[in-house]
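Reading through the C-alpha cells given below for one structure.
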Amino acid sequence: MSQNVPITVAYGDGIGPEIMDATLRIIQAAGARIDIDTIEVGEKVYLSGNTSGIADSSWDSLRRNKVFLKAPITTPQGGGYKSLNVTTRKMLSLYANVRPCIAYHPYVDTHYPNMDVVIIRENEEDLYAGIEHQQTDEVVQCLKLISRPGCERIIRYAFEYARLYGRKKVTCFTKDNIMKQTDGMFHAIFDEIGAEYPDIEQEHWIIDIGSAKLADTPEVFDVIVTLNLYGDIISDIAAQIAGSVGMAGSANIGPNCAMFEAIHGSAPRRAGQNVANPSGLLMGAVQMLVHIEQPDIAENVHNAWLKTLEDGIHTYDIYKEGLSKEKVGTKEFADAVIARLGQKPSQLKPVHYTTGKKMNLPAVGRKAPAAKEIAGVDIFLHWHGTDAMELGNAVKALDVPGMSLSMISNRGIMVWPKGFPETYCTDHWRLRYKPAEGTTINHQQIVNQLNAIMGAGYDFIKTENLVRFNGKDAYSLGQGQ
Ligand code: NAD
C-alpha cells in the first residue's frame, strides 16, 4: 500500500461545503489514500479585506502539497476583488484546463446521446491577463497576450492527452481569420506540434462555426484545444448540453501543481438546502485521484457514480419524471454512490484507469532570439476632433527625419490619407509611421517623433513598435489599407 498523499482542500461558498462534504465522504469510503489540509478561501476571506480571497498561509499549503481540491467560491460583487480562480491558475502556472463533457444517455436527459468531448482550454493567457486601461474618454482597452511557450505547452498537452486516453482526434478552435498574429500563432503551433502526432487525426475550425457545429453535432468532436476565452465559453455550453452544468469536473494542471474543481459556480440560491448535485466536484476529485496515481480508487468511485446515475438516483437538476427513479438530496446521492462502491454500470460504459503510462511533457525551452528590426511605429492619440483629414494634415507636418506618417486609423479602420466619410470615429486615433522604403528606424527617432507630437499640443496615449522578426513583418495592416 502506497503512502497517503497530502492534499489541500477548500470548502468554498454557497453550495461548496455541501458538495465538498459529499465528495470527500465518497472518495474516503472508496479508500482514497489522502491526508487533508483544509484552507479557507473565498467570500469570508475577501470580506475580511483580502482582495485576492486567499491568505498567505494558504498559499504555503498549496505550494507544499501541490494538489488542490477546491469547491466553488463566490466572488463578492463590486470592484476591487480579484478572481481567486484566475489568480490561482496563474500564480501556480496551471496552464491546462481539462473539461470532459459527456452524455449519460438515456439516464440523464440530453439531445446528444453520443456526446463525449474533452475540452482542453489554455488557462493562463489571452484576455485573462487582466491588463485593461481606459485610454480616452470614449475608449477602453484589454490586452490579448498570447505567447509561443503558452501555445506550445497547451497544444502538446492536448495531443499527449489524446494519446494517453486513446482518443482519435484533436480539433483546434481559433479566430485566426481576424486575429492573424495571436490566434494565428496558436493555429500555426497546432500544425507544427501536430506533425509530431501522425497517429492522431487533427483539424482546425474557426471558433464561430466550430461552436455552432459543437452545439449542433457534438458527437463529431473528440478532444478540442483552444484559447482561454473561447474555452471558457464553449466548455460551459458543452457541459450544459451534455446533460447539466452540475455534472462536469475540471482539472487545472501545471508542471508542479494541480487544482481540481467542478466547472460550475457556488449557486448561492441553492446553498444550505441539501439539493445541489455533487457530481461535478466528484468528477474533479476523480481526475485528482488519477493525477495522484490512485487509479484504482478513481475507477471504483467513477463506476459507482455511473451505476448510481444508471439506477435513476438523481438530484433535482437531472431528475426527470419517467426517466429517474428517485429524487434525492446531496447527502442521499453521496450515500447512494457509497453503497455502490465496487459495482460497475451495466448499460453505461464502465471506465478503466491504468497506472504507469505518462504524458511526455518536456519543459518548453526559450528559442534563440530572432533578428529584430523596427520597421515603423504606431503612436496612439487621444484627440477630441472628428475630422480625420484635419488631424492627418496637421500631424503630417510634424514628421521628423527618417519617419513618415503613412496612415491614420480609428478603431483599426483606415481614415487617412484615404477613408470613407461614413466611418464613425471615436476620440482614439492611431498614427502609423514608416521609414523610407528599405530602411529601419530606432528608438531615438520614435522619441523624437513623440516630442514633436507633444510639442504641438497632442495627447499621446501609447506607442507600439512595428517589428520585423527574421525579415518578416509581425504586425497587422489597418483595415482598408
Ligand atoms: P453557478 O454555476 O453557480 O450557478 C448557475 C445555476 O446552475 C444555479 O442557479 C443552479 O441552478 C445551477 N447549478 C450550478 N451548479 C449546480 C449543482 N452542483 N447542482 C445543481 N444545480 C447547479 O453560476 P452563477 O450563478 O453565475 O455564479 C454564482 C457564483 O459562483 C458567482 O459568485 C460566481 O463568481 C461564482 N463562480 C465560481 C466558480 C468557481 O469557483 N470555480 C465558477 C463559476 C462561478
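The values are calculated or read from the model by the stated rules, or taken from the named source; none is laboratory data. Just so you know, these numbers come straight off a predicted model, no measurement behind them. Methodologically, a virtual Cβ is constructed for each residue, glycine included, from the backbone with ideal geometry; neighbour enumeration extends over all protein chains shown. Surface accessibility is based on the protein's heavy atoms, side chains included, excluding ligands, DNA and RNA. Shrake-Rupley method; radii C 1.70, N 1.55, O 1.52, S 1.80 Å.
Restricting to the stretch 151-178, name every residue that is in contact with a Lys or Arg (Cβ under 8 Å, 6 or more places away or on another chain) and within 20 Å of Lys213 (Cβ to Cβ). Matches in the stretch 151-178: Ala162 only. For the stretch 203-243, the set of residues classified as open to solvent by less than 10 Å² (accessible area, probe 1.4 Å), farther than 22 Å from Ile146 by Cα and out of contact with any helix residue (DSSP H, G or I) (no Cβ under 7 Å at 6 or more places or on another chain) consists of Ala242 only.
Restricting the first member to the stretch 121-137 and to residues that are free of Cβ contacts under 8 Å to residues at least 24 places away in the same chain, and the second to residues that are of a type in the set (Val, Ile, Thr), the beta-carbon pairs closer than 9 Å and six or more apart or on different chains are Glu132/Val140; His133/Val140; His133/Ile461; Gln134/Val140.
Look at Gly280 and say whether it is closer than 16 Å to Ala22 by Cα, under 24 Å from the mean Cα position of the chain (by Cα) and within 10 Å of the ligand (Cβ to nearest atom). Spell out how you get there, then give the answer.
Values: closer than 16 Å to Ala22 by Cα: yes; under 24 Å from the mean Cα position of the chain (by Cα): yes; within 10 Å of the ligand (Cβ to nearest atom): yes.
Answer is yes for this residue.
Please tell me if Glu299 is open to solvent by 20 Å² or more (accessible area, probe 1.4 Å), in a loop (DSSP other than H, G, I, E, B) and away from the ligand (no atom under 16 Å from the Cβ).
no
Consider Gly385 carefully, then state whether it is part of a loop (DSSP other than H, G, I, E, B) and not assigned by TED's automatic domain parsing to the domain that holds Arg430.
Considered against the rule, which asks whether it is part of a loop (DSSP other than H, G, I, E, B) and not assigned by TED's automatic domain parsing to the domain that holds Arg430, Gly385 comes out as no.
Take the conditions within 11 Å of the ligand (Cβ to nearest atom) and outside any loop (DSSP other than H, G, I, E, B) and apply them to Leu289. Does it pass? So Leu289 does not fit the description; no.
What residue, among those in the stretch 89-118 that are of a type in the set (S, T, N, Q) and not in a strand (DSSP E or B), is modelled with the lowest pLDDT? Give the derivation first.
First, the residues of the stretch 89-118 that are of a type in the set (S, T, N, Q): 93, 97, 110, 114.
With the extra rule that they be not in a strand (DSSP E or B), the set shrinks to 93, 110, 114.
Values: Ser93: 91, Thr110: 88, Asn114: 93.
Ranking the candidates gives Thr110 first.
Being of a type in the set (Ser, Thr, Tyr) and buried (at least 22 other Cβ atoms within 10 Å of the Cβ) is the filter; apply it to the stretch 81-115 and report the residue that is nearest to the ligand (Cβ to nearest atom). Working first, answer last.
Restricting attention to the stretch 81-115, the residues satisfying the condition of being of a type in the set (Ser, Thr, Tyr) are 81, 83, 87-88, 93, 95, 104, 107, 110, 112.
In the following step, the residues that additionally are buried (at least 22 other Cβ atoms within 10 Å of the Cβ) were identified as 88, 95, 104, 107.
Details: Thr88: 10, Tyr95: 17, Tyr104: 15, Tyr107: 16 Å.
Here the residue is Thr88.
Please work out if Phe159 is open to solvent by less than 30 Å² (accessible area, probe 1.4 Å), under 20 Å from Tyr128 (Cα atoms) and aromatic (Phe, Trp, Tyr).
Here the answer is no, as Phe159 does not meet what is asked.
Just one of (1) out of contact with any His (no Cβ under 9 Å at 6 or more places or on another chain); (2) at pLDDT 95 or above; (3) in a helix (DSSP H, G or I) fails for Pro198. It is (3).
Does the stretch 256-269 include one or more residues that are in a helix (DSSP H, G or I) and within 14 Å of the ligand (Cβ to nearest atom)? Break it down into steps so the answer makes sense when it comes.
Keep residues of the stretch 256-269 that are in a helix (DSSP H, G or I), which gives 268-269.
Going one step further and asking which of them are within 14 Å of the ligand (Cβ to nearest atom), we end up with 268-269.
Yes, the stretch 256-269 contains a residue that is in a helix (DSSP H, G or I) and within 14 Å of the ligand (Cβ to nearest atom).
Scanning the stretch 308-337 for residues that are within 33 Å of the chain's Cα centre (by Cα), open to solvent by 40 Å² or more (accessible area, probe 1.4 Å) and not hydroxyl-bearing (Ser, Thr, Tyr) yields a total of 3.
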